[in-house]
Amino acid sequence: MKVYKFGGTSVGLPERMLKVKNILTATESPKVVVLSAVSGTTNDLVKLCKVYNDSLATGELLNAMRKKYRAFIRGLYQQEDRKDKMTEFAEGRLDLLEELVTKLPDSEAEILAQGEILSTQLFQALMEEDGVNSKLLDALDFMKLDAQGEPDMQHLEEQLNPQLEGAEIYLTQGFICRDHQGNISNLERGGSDYSASLIGAAIKADEVQIWTDIDGLHNNDPRHVRGTYPVSELSFDEAAELAYFGAKILHPSSILPAQKFNIPVRLKSTLNENAPGTLISTQSIDGTVKAIAVKDGITAIKIKSTRMLLAHGFLRRVFEVFEKYETAIDMITTSEVAVSLTIDDQSRLPEILTELKEFGFVDVDENQSIICVVGNMVSEQKGLVRRIFNALSDIPIRMVSYGGSRFNISMLIDTSYKFEALNNLNSGLFEEVESDLSS
Ligand code: ADP
Ligand code: ASP
Ligand code: MG
């Protein structure tokens, strides 16, 4: 069985939902289908949680949502009674939202969950109108986080697998889940990719397909660089690095569950369904740079300690501070007198800095970006490092990480240099490589 996930843009207009229906009915079944919220909805819900003290702003936002869903429903169905029924349903969810707003901040996760609940109900009704044998499964019944905030795979397998009987299409919500106490929670922004991969792992799917608004994972960030192109094949390791280091097309954790069970992940475009897209599997071509990604919002911390730095146990004590405040470290470099590292979650920074200051002088640089060059780069690949540094010769590089894995070379720069760095690397790594190959 395959898992198909469609993102917000893919279900963002009535004609797109109809296209998704056509893609699903034209391909082999049974299958599991994971949907995101209609595009813009989760952003609206996030906004709602921010402006809830302002009744005028809240009212305007809810009215705009009501209008949007009414029009959406009018454009989606043929049958008048279905239009009426689903309008009533959507109005009910919007009434619920109005009530949940009064219970903020406690109701935030429940508010954010409404986008996926709406989109899947609308899609299920579309399948019913068309006579497709589709069953809507409630992700809140099987997607759950444990006390550490990690997905509970045993619960997922036990609750989901028995439900996969008697239908052609098993439709469910991405993104939403319960926490270990049973409260509504979510897998963080972009989490529907993660839902699809977790479901793929739980049902040992043949393939997970992520359908989005672009024809695969591109060699560089298409939002910042012109002339990018889709990479046809990536290994799990390469894709995991790219997702973690900022390629927005995939949720940062979405590759790992599929990789664990060797389930290929295919990225496809709903807007250009015949394009081959990107296949992520165990295959990878040696010695090639595949793609560049960028992760913003990074904070660099340097600890200078002439006394203790290379002393036995010093790094352990530094790491323990980050562990205590549950903050992951992305990059790390050491020298004789200092250690530099980066974090992307600043929420515990004040406590972390207070403790680190006991070890020596501490410098903090905010607004940094990690530029990550990914590929299966055997370390002796000729000239690659020279090419990277040549391309970045005008840009101050704060840290470099090379050799941690053979798939990734990362550089930390000030975010103000991001566009320049991505574009210069694009010319230096891809355009030069292409001209080398053709000469
Ligand atoms: P969905 O709503 O379908 O989950 P997303 O907006 O989360 O879609 O992801 C798709 C977007 O990711 C693309 O439209 C593109 O702008 C952005 N993106 C960032 N980096 C890359 C990349 N390397 N390759 C392809 N798309 C990328
Ligand atoms: N709707 C959620 C979001 O916008 C989850 C997703 O689309 O993957 O973040
Ligand atoms: Mg996404």
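For ILE263, all conditions in the list (1) part of a loop (DSSP other than H, G, I, E, B); (2) open to solvent by less than 10 Å² (accessible area, probe 1.4 Å); (3) among the hydrophobic types (A, V, I, L, M, F, W, C); (4) more than 29 Å from TYR170 (Cα to Cα) hold save one; what is the number of the exception?
(4)
Scan region 10-24 for residues that are assigned to a helix (DSSP H, G or I) and closer than 18 Å to THR41 by Cβ and jot them down.
Taking region 10-24 first, the residues assigned to a helix (DSSP H, G or I) are 10-11, 14-24.
Those that are assigned to a helix (DSSP H, G or I) and closer than 18 Å to THR41 by Cβ: SER10, VAL11, PRO14, GLU15, ARG16, MET17, VAL20.
Would you point out the residue of region 25-51, among those that are out of contact with any Ser or Thr (no Cβ under 9 Å at 6 or more places or on another chain) and part of a helix (DSSP H, G or I), that is most open to solvent (accessible area, probe 1.4 Å)?
Taking the candidates together, the pick is LYS50.
With respect to THR270, determine if the residue is within 16 Å of ligand 2 (Cβ to nearest atom) and touching a Ser or Thr at 6+ places or on another chain (Cβ under 8 Å).
Details: within 16 Å of ligand 2 (Cβ to nearest atom): yes; touching a Ser or Thr at 6+ places or on another chain (Cβ under 8 Å): yes.
Against the criterion (within 16 Å of ligand 2 (Cβ to nearest atom) and touching a Ser or Thr at 6+ places or on another chain (Cβ under 8 Å)), THR270 qualifies.
For the subset of region 236-260 comprising residues that are assigned to a helix (DSSP H, G or I) and without any contact (Cβ under 8 Å) to a residue 60 or more places away in the chain, which member is nearest to ligand 3 (Cβ to nearest atom)?
Step by step, filter region 236-260, then rank; the result is ALA243.
Determine whether ILE210 is in contact with a Leu (Cβ under 8 Å, 6 or more places away or on another chain), within 13 Å of ligand 2 (Cβ to nearest atom) and outside any loop (DSSP other than H, G, I, E, B).
Here the answer is yes, as ILE210 does meet what is asked.
Check whether at least one residue in region 324-335 is assigned to a helix (DSSP H, G or I), at pLDDT 95 or above and more than 15 Å from ASP363 (Cβ to Cβ), and report yes or no.
yes
Return the residues of region 195-214 that are buried (at least 24 other Cβ atoms within 10 Å of the Cβ) and over 12 Å from VAL3 (Cα atoms); say none if nothing qualifies.
Once the filter is applied, which keeps residues that are buried (at least 24 other Cβ atoms within 10 Å of the Cβ) and over 12 Å from VAL3 (Cα atoms), region 195-214 yields only THR212.
Quick test for you: out of ARG316, ARG348, pick the one residue that is without any contact (Cβ under 8 Å) to a residue 40 or more places away in the chain and surrounded by fewer than 13 Cβ atoms within 10 Å (Cβ to Cβ).
ARG316
Quick check on region 138-158: of everything there that is buried (at least 18 other Cβ atoms within 10 Å of the Cβ) and in contact with a helix residue (DSSP H, G or I) (Cβ under 6 Å, 6 or more places away or on another chain), which residue is farthest from SER253 (Cα to Cα)?
PHE142
With respect to LEU217, determine if the residue is more than 10 Å from ligand 1 (Cβ to nearest atom), of a type in the set (A, V, I, L, M, F, W, C) and open to solvent by less than 20 Å² (accessible area, probe 1.4 Å).
Spelling it out, it is not the case that LEU217 is more than 10 Å from ligand 1 (Cβ to nearest atom), of a type in the set (A, V, I, L, M, F, W, C) and open to solvent by less than 20 Å² (accessible area, probe 1.4 Å).
The values are calculated or read from the model by the stated rules, or taken from the named source; none is laboratory data. On a predicted model such as this, the values are computed, not experimentally measured, just so you know. Cβ: placed from backbone, ideal geometry, glycine included. Neighbour counts: every protein chain shown. Surface areas here come from the heavy atoms of the whole protein model, side chains and all, with no ligands, DNA or RNA. Shrake-Rupley method; radii C 1.70, N 1.55, O 1.52, S 1.80 Å.
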